[in-house]
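J.: My questions will all concern the structure given below.
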Amino acid sequence: MTKAPDNPPQQDPRVDAFIAALPDWQQDICAQVRELVLAADPAVEETIKRTTQPYFVLDGNICALLAAKDHVNVFLYDGGIAPDPEGIITGGHDNKTARTVAFTQGEAIPGQALTAMFRQIIANNRAGGWRKLKPGR
């Protein structure tokens, strides 16, 4: 049996409500992504922005969740600089602020790859943010 962390991340009840309102399969995806991003660093916080969207932040945006009819998008706020060695990015390859990973019903979440990207985004945020760090700026 593993010991619970001394200071578990605070979960925002508004994010709980967002997830609870989704179909079961989208709830599962959002819950898994939420668990991964909160576990990436104990200082990660969750909130609601743009009225209803769950965002995960630490010295800047890390990611946001958007449930669409047939998929869930995880928006990664990295300006395209976090490495993607496993090729999990599905959209926004040329986007200047965020890329996306889309998950459909029954699709496995690549936990290690997503966690690695979350940790890189957090490190970039702590170093001043992707706008400051992006090559060619």
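The values are calculated or read from the model by the stated rules, or taken from the named source; none is laboratory data. If you're wondering where the values come from, they're calculated on a predicted model, not measured in any experiment. Glycine gets a Cβ as well: all are built from the backbone with ideal geometry, and neighbour counts include every protein chain shown.
J.: Among the residues of segment 62-114, count how many are touching a residue at least 40 places away in the same chain (Cβ under 8 Å), surrounded by 17 or more Cβ atoms within 10 Å (Cβ to Cβ) and not acidic (D, E).
T.: So the count comes out to 14.
J.: Between D41, D24, D59, which is more than 20 Å from I122 (Cβ to Cβ), of a type in the set (D, E) and either in contact (Cβ under 8 Å) with a residue 24 or more places away in the chain or out of contact with any Pro (no Cβ under 9 Å at 6 or more places or on another chain) (or both)?
T.: D24
J.: Okay, moving on. Quick one: which of L58, L22 is among the hydrophobic types (A, V, I, L, M, F, W, C), surrounded by fewer than 20 Cβ atoms within 10 Å (Cβ to Cβ) and under 18 Å from R131 (Cα atoms)?
T.: L58
Yes or no, residue by residue, for (1) under 19 Å from T115 (Cβ atoms); (2) small (G, A, S); (3) modelled with pLDDT of 95 or more:
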position: D28; (1), (2), (3): yes, no, yes
position: A39; (1), (2), (3): yes, yes, yes
position: R50; (1), (2), (3): no, no, no
position: P85; (1), (2), (3): yes, no, no
position: I89; (1), (2), (3): yes, no, yes
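J.: Could you count how many residues in segment 80-137 are hydrophobic (A, V, I, L, M, F, W, C), more than 20 Å from A39 (Cα to Cα) and assigned to a helix (DSSP H, G or I)?
T.: Matching residues across segment 80-137 total 2.
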